[in-house]
Amino acid sequence: MIFSGQAIRVEDSGEGLLHLQFDLQGESVNKFNLLLSRELGQALDAIESAAGVKGLLISSAKSAFMVGADVTEFGPVFAQGEEAIRKHLAANVRSFNRIEDLPFPTVVAIEGYALGGGLEICLACDFRIMSTTAKIGLPETKLGLVPGWGGTVRLPRLVGLDTAIEWIASAGEYKGEQALKAGVVDGVVAPDVLLPAALEVLKRAASGNLPYQQRREQKKAPLRHNDMEGLLAFESAKMFVGAQAGRNYPAPVSAIKAMQDGAKLGRDEAQVIEANTFIKLAQTSAAKNLVGLFLSDQFIGKKAKQWEKQSDKAVARAAVLGAGIMGGGIAYQSASRGVPIKMKDINQKGIDQGLAEAAKLLEKRVEKGKLTPAQMAETLNRIEPTLRYDGFANVDLVVEAVVENPKVKKAVLAEVEQHIDPSAILCSNTSTISIDTLAEGLTRPENFCGMHFFNPVHAMPLVEVIRGEKTSDRAVARTVAYANALGKKPVVVRNCPGFLVNRVLFPYFAGFSMLVRDGADFQAIDKVMERWGWPMGPAYLLDVVGLDTAVHAQGVMAEGFPERMVNTFNPAPDILFKAGRLGQKNGKGFYNYETDKKGKPNKVPTPETYELLSAHVAPRKEFGDEEIIARMIVPMATELARCLEEGVVASPAEADMALIYGLGFPPFRGGIFRWLDEQGISNFVALAKQYSDLGPLYQVTPGMLSLASEGKTYYQA
């Protein structure tokens, strides 16, 4: 044994060849934490002092090579400022350079994942051999950062500017075939022959049959291109990527600029440019929030896995009641993830609509090359359309997705309960109706819970699993396990009107309606909120949701929370709905909608909306951006705080992720609670006080006042 630690061991494989293996003890995956980084330096000391070494093979003893940096260490390091961040980067930069400068060839065997720093150490090696089941990539820009251990330096010198810009700016993950075609890896082999193949490459390089010095020098030298080529490539890339990323996500363009500024420099000097870029970004609000979002995502994933472990069984067969668009979307999602599903409706028209929805989604995947026609047919075969309850005794879980009417839902749920096994779990996809109300007619209410999908099902990650008063842990666990199997992000919440996401959304809509009432232009509000980071403004969002749906849901919320959510005026959505404007579904809402060549609805402003609203709103008045933002976000923030204090949601992380995955809350802001922490709770309390005359939705909660008085934050608490 050349070296043995808690994360790394180096063994002599004979013939002068050494084998370094990553195996971080106590963790299911390898990641560059402080321990592993320190041991890598110590292992290299041992390797460099060993006699007669002719080559080094690097691999992992785990199923995945290296998932990247230990992101949990970022916050404490970033908080210490520039020098601490530079020191954090320098340890691995130095080690990777040492690997690249060894007086003998190096080969890395990549299995599972090699992401971020995991790929950066691979780039420092002379040859990269990858498993057919592995994926590699540089995801740092998703965290508001850039690769900091040589990625922006080595990748463009290895594969050229275009590929490097695409890989780094997109933060994508790539399979073996893609990586080989791009020139990032040198070979792709089956998992069972990965180590023998990598060892054979190392032997050939050590014997001089595979030259490696030239490619090594290429990675260490300035980029090979003339000034004009470089200028055109970099400037056009910055314009294109900047337009795609938007001004709130500076990391992708910063990565391109780092490559540009280091293009004429050697490796070591270019790495200084990279480090400076990383340090600058690490101290931005966007990076802090995106790193926090990543950690919150891991947190809710772990909670979902814990629930899944408690499940008495996996869902092998499912069913959905009510075909249509929503039922078809649920059926598609289940079938595409390998879980056979029955799709029942009361008439053939509904069945046809559900099958058409599933087929349409599958056809799009075939068109994009993500699915073969044979795979599409196989997926469709997992959907069993039916007008009867035949075979329902064999399903493990049923999702009811019929019309949003309590009487209809209660009747359907009571009926299906008679046809399923006593141990099966029954769920409702209701978006507003109380789970306790729907459970009233059931003989086994302990087996019933809410499973609220968001529309469109295939695109929206969140699933709210709603626990009623009589819902058992077993029902929650199996439902969460099914959501996990569908590739969704389940968050368990307690039953209340609107549950979590809709309960918080409607105060946001109320803030919008009050602004319009007071003379604000709804188009101006949309533009301000989209600049703030929302994918669409509130008027546009209401059109997408459907004004009929929004008005109905608002009535449910008003009944549930009359002290805060009853309208004391005639709100804009109600006015337009009564005029027959339903939103995108009938081409007329706040905006008119015209279908483009691809069949997508494009919004077009129309004077008719202003004419309909004119008799019910104040004369047109200009509002500043900050006032619009405050009046929109304060009601949402205070209602979310109430949900946390009432135990509707268990933690700030789950609440924030629910809004990001369910509503599209701006990710770079990290969620409502991270935004509140960043503003300072005391500052928010003062802001809300300015608008307290607007009503109870603008009143801060006791919990907020307590945090403000103690100088604490939500994530500290």
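The values are calculated or read from the model by the stated rules, or taken from the named source; none is laboratory data. Just so it is clear, the structure is predicted and the values come from calculations on it, not from any experiment. Glycine also receives a Cβ, built like all others from the backbone with ideal geometry; neighbour counts cover every protein chain displayed.
Key figures for this structure:
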{"read-out": "Residue under evaluation residue 232, criteria (1) of a type outside the set (S, T, N, Q); (2) buried (at least 16 other Cβ atoms within 10 Å of the Cβ); (3) farther than 23 Å from residue 138 by Cβ; (4) free of Cβ contacts under 8 Å to residues at least 40 places away in the same chain, criterion not met", "value": "(2)"}
{"read-out": "Any hit, the stretch 529-546, residues being in contact with a Lys or Arg (Cβ under 8 Å, 6 or more places away or on another chain), within 21 Å of residue 627 (Cβ to Cβ) and charged (D, E, K, R)", "value": "no"}
{"read-out": "Pair list, Cβ < 8 Å and 6+ apart or interchain, from the stretch 106-121 residues that are more than 13 Å from residue 29 (Cβ to Cβ) to residues that are modelled with pLDDT of 95 or more and acidic (Asp, Glu)", "value": "106/100; 106/126; 107/126"}
{"read-out": "Residues located in the stretch 249-297, provided they are touching a residue at least 40 places away in the same chain (Cβ under 8 Å), part of a helix (DSSP H, G or I) and of a type in the set (S, T, N, Q)", "value": "254, 271, 277, 285, 289, 296"}
{"read-out": "Wholly within the stretch 383-475, strands (runs of 3 or more DSSP E) carrying at least 1 residues that are under 23 Å from residue 356 (Cβ atoms)", "value": "383-386, 397-400, 448-453"}
{"read-out": "Count of the stretch 344-357 residues which are within 30 Å of residue 660 (Cβ to Cβ) and touching a strand residue (DSSP E or B) at 6+ places or on another chain (Cβ under 7 Å)", "value": "1"}
{"read-out": "Among (1) over 30 Å from residue 660 (Cα atoms); (2) in contact with a helix residue (DSSP H, G or I) (Cβ under 9 Å, 6 or more places away or on another chain); (3) part of a loop (DSSP other than H, G, I, E, B) - the single one residue 380 does not satisfy", "value": "(3)"}
{"read-out": "Within the stretch 159-226, helices (runs of 4 or more DSSP H) holding 2 or more residues that are assigned by TED's automatic domain parsing to the domain that holds residue 241 and of a type in the set (A, V, I, L, M, F, W, C)", "value": "161-170, 176-182, 194-206"}
{"read-out": "Single match in 671, 695, 583, 664 (criterion: touching a Pro at 6+ places or on another chain (Cβ under 7 Å) and on the phi > 0 side of the Ramachandran plot)", "value": "664"}
{"read-out": "Condition broken by residue 98, with the remaining ones in (1) closer than 24 Å to residue 167 by Cβ; (2) part of a helix (DSSP H, G or I) satisfied", "value": "(1)"}
{"read-out": "Test: residue 111 is more than 18 Å from residue 59 (Cα to Cα) and among the charged types (D, E, K, R)", "value": "no"}
{"read-out": "Count of residues meeting criterion [outside any helix (DSSP H, G or I), more than 22 Å from residue 618 (Cβ to Cβ) and either charged (D, E, K, R) or touching an Asp or Glu at 6+ places or on another chain (Cβ under 9 Å) (or both)] in the stretch 564-600", "value": "11"}
{"read-out": "Selection status of residue 335, farther than 30 Å from residue 140 by Cα, in contact with a helix residue (DSSP H, G or I) (Cβ under 6 Å, 6 or more places away or on another chain) and either modelled with pLDDT of 95 or more or loosely packed, with under 14 Cβ neighbours inside 10 Å (or both)", "value": "yes"}
{"read-out": "Check on residue 300, more than 20 Å from residue 85 (Cα to Cα), in the same structural domain as residue 93 (by TED's automatic domain parsing) and surrounded by 19 or more Cβ atoms within 10 Å (Cβ to Cβ)", "value": "no"}
{"read-out": "Residue count for the stretch 359-415, restricted to those that are of a type in the set (Gly, Ala, Ser) and closer than 23 Å to residue 478 by Cα", "value": "4"}
{"read-out": "For residue 1: the one exception among (1) at pLDDT below 95; (2) crowded, with 16+ Cβ neighbours inside 10 Å", "value": "(2)"}
{"read-out": "All positions within the stretch 599-641 that are surrounded by 21 or more Cβ atoms within 10 Å (Cβ to Cβ) and closer than 30 Å to residue 492 by Cα", "value": "631, 632, 633, 634, 635, 636, 637, 638, 639, 640, 641"}
{"read-out": "Residue in the stretch 87-110 that is more than 19 Å from residue 180 (Cβ to Cβ), within 24 Å of the chain's Cα centre (by Cα) and buried (at least 24 other Cβ atoms within 10 Å of the Cβ) present", "value": "no"}
{"read-out": "Some residue of the stretch 203-217 being aliphatic (A, V, I, L, M) and more than 17 Å from residue 107 (Cα to Cα)", "value": "no"}
{"read-out": "Residue within the stretch 364-386 that is in contact (Cβ under 8 Å) with a residue 24 or more places away in the chain, touching a strand residue (DSSP E or B) at 6+ places or on another chain (Cβ under 7 Å) and polar (S, T, N, Q) present", "value": "yes"}
{"read-out": "Residues (more than 22 Å from residue 614 (Cα to Cα) and in a helix (DSSP H, G or I)) located in the stretch 509-553", "value": "529, 530, 531, 532, 544, 545, 549, 552, 553"}
{"read-out": "So residue 239, is it part of a helix (DSSP H, G or I) and at pLDDT below 95", "value": "yes"}
{"read-out": "Inter-residue pairs, beta-carbon under 8 Å, first without any contact (Cβ under 8 Å) to a residue 60 or more places away in the chain and in the stretch 335-349, second of a type in the set (Phe, Trp, Tyr) and part of a loop (DSSP other than H, G, I, E, B), 6+ apart", "value": "344/389"}
{"read-out": "Conditions (1) buried (at least 16 other Cβ atoms within 10 Å of the Cβ); (2) more than 23 Å from residue 291 (Cβ to Cβ); (3) acidic (Asp, Glu); number of the one not met by residue 693", "value": "(1)"}
